[in-house]
1. Whole angstrom only: what separates the Cα centroid of the range 305-371 from the Cα centroid of the range 165-223?
2. Quick one: dipole size for the chain, taken about the Cα centre, charges +1 on Lys/Arg Cβ and -1 on Asp/Glu Cβ, in debye to the nearest 20.
3. Per-residue ellipticity at 222 nm for the chain, helices alone: DSSP H runs ≥ 4 residues times -39500 (n - 2.57), over residue total, nearest 500 deg cm²/dmol?
4. Determine, for TYR330, TYR9, TYR285, TYR204, the number of other Cβ atoms within 10 Å of each Cβ, and report the residues in order from fewest to most.
5. Could you work out how far helix 341-357 tilts from the main Cα principal axis of the chain, as a 0 to 90 degree angle to the nearest 10?
6. List the equivalent ellipsoid semi-axes of the range 79-225 in whole Å, largest first, each obtained as the square root of 5λ for an eigenvalue λ of the Cα gyration tensor.
7. State the extension gain, in nm to one decimal, for the chain segment bounded by ILE199 and PHE333, taking 0.36 nm per residue of separation less the distance between their alpha-carbons.
8. DSSP loop (so not H, G, I, E, B), at most 13 other Cβ within 10 Å: list which chymotrypsin sites (Phe, Trp or Tyr not before Pro) in the range 321-387 pass both filters.
Amino acid sequence: MAWMLPWLYDFAFYKPSSIPNYSFSPISRNFVHWEYTDGKSLYLDSDNKSYNQDQYDSLLPIQYYFILESKNKALPSLEGYPINRMSVGMGMANGSGNPASIHRPSLGVKEIMESTKYRLALQDPTQVFRCKKNSIEFINKSDNKIDTLKSRLFTDAFNAVGFNWPIVRSSGNPTSRKAYDFGYLVLDSNHEVYNMLQIHGKPYIKKTQVTPEMGITLLSMREPMNQAYFGYALGKNDSFYLIMKDYSVKKLDFKVDLNKNNFWLMGNMLYWTVTVTDDTGYDLYAINAHTYETIAHERHETPVLSYTKSLKWVFPCTFHFQRNEDKWVYPSFADWSYYALILNIILAGLLFYIKRRRKENELWLPLVTVFCGLFSFIPALFIRENS
C-alpha cells in the first residue's frame with residue numbers, strides 16, 4: 001500500500017512539466033528559449049519578448065550556424081572570432097550531472113585505450129584495468145589473462161609521482177569515436193587528481209594542480225575538440241572546477257550539489273549556458289568560453305503543482321525500491337509528513353465506528369491507522385473477525 005497508493009495518486013494527478021531549453025544569446029545579450037505550448041512552439045527571451053523562428057535562429061548565430069548558412073544569413077565573425085564550420089565544431093562544450101552520478105555503483109573494471117593513433121585513427125580498447133589496494137591491474141579482454149608486466153609498469157609509474165592508493169574515482173571515455181584520447185582522470189585517497197594515459201603501451205602519469213583542500217568528489221573527462229581543458233571536477237562547498245590542458249585548475253562562479261541538484265552545460269565558442277535545478281526552481285548562468293567568467297545569471301522559480309502540495313496531507317510517507325540518492329536497489333521509506341496525521345485521525349475514528357457497527361473487537365486497527373493512515377485503513381476494511 002505504501003508503494004502502490006502514492007504511485008496511483010501520482011499517476012492520476014501528475015501533469016508533465018519541463019524546464020525550457022535556454023541558451024545565452026550573444027546578439028541580445030540575454031537568455032532565450034523555446035517551449036512547446038498548446039500545440040505550437042514559442043520563442044521567448046528573458047523579458048518575455050516573443051520571436052518567430054527565423055528571428056530566434058538569428059539570435060543564436062553559432063548554435064544555428066548551419067541553418068543560417070543554408071539561407072545565406074550566417075555571420076562571418078562575431079566578437080572578433082571567425083564563424084565557420086570548423087570553429088563551430090571546435091568550440092562545442094557539454095556536460096551534465098545528477099544525484100545518480102555520485103551514488104551509482106561502479107563495476108570496478110574499466111576499459112583503457114591506446115592514446116596514440118594508429119593510421120590516423122584511434123583503436124578500440126583491447127584491455128581493461130581494475131584497482132587493487134596498492135596497485136593497478138591490467139587484463140586482456142581476449143583471454144581474461146592478467147598482463148603482469150603492464151600492471152607493474154603502471155603501478156610503478158603511479159608510485160613515482162606520489163600517488164596515494166587506492167584509486168577512489170576515475171573517469172574516462174574509452175571509445176574510438178572521438179578526435180583524441182586523453183586517458184583517465186584519477187582521484188587518489190588524498191583527494192589529489194592525476195591524469196593516466198597509455199602511450200605506445202607505456203604509462204604516462206601526470207599530477208594535476210588539484211589540491212586536497214578542494215575536496216574533490218566527482219570527476220568527468222570531457223575531451224572537447226579545442227583541447228582548452230579536458231575535464232571538470234566537483235568539490236566541497238559545491239564548487240565546480242575545470243581541469244585545463246596544462247593541468248592547472250579554474251574555478252567557475254556557480255555551485256552544484258549533486259546530492260540535491262541536476263545540472264547541464266551546453267556551450268559554443270563564445271558562451272556556455274549552465275542550468276542548475278533544485279526542488280523549487282532553477283538557476284541559469286552564462287559563462288564566457290574564453291575567460292570562464294560568469295557574465296549573466298537568472299533565477300527562475302517553478303510553481304509547485306497543487307497535487308504535490310496535497311500529497312503531504314494524504315500520505316504519512318512514501319515507499320521506494322530505488323531513488324536517485326540510493327546506491328543500490330533496496331526498500332526504503334521517505335517523504336515523512338506529520339500533516340497527514342489529521343487525515344489519519346479522521347480515518348481512525350471512521351474505522352473505529354465501522355468496527356463497532358460490525359460488533360467486531362479488532363480495535364487495535366484504528367490505533368495502527370493513526371500512524372499509517374490510508375496504508376492500513378483500506379486493508380482494515382476487509383479484515384473481518386472470525387465468527
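1. 48
2. Rounded to the nearest 20 debye, it is 960 debye.
3. Helices in the chain give a 222 nm mean residue ellipticity of -6500 deg cm²/dmol.
4. TYR330, TYR204, TYR9, TYR285
5. Roughly 30 degrees, rounded to the nearest 10.
6. So the three semi-axes of the range 79-225 are 27, 21, 15 Å.
7. Residue separation times 0.36 nm, minus the Cα-Cα distance, leaves 43.3 nm.
8. Sites meeting the loop and neighbour criteria: PHE321, TRP328, TRP336, PHE382.
Each value in this text was obtained by applying a stated rule to the coordinates, not by laboratory testing. Model, not experiment: these values are computed from the prediction. Note that each Cβ is placed from the backbone with ideal geometry, even for glycine, and that neighbours are counted across all protein chains shown.
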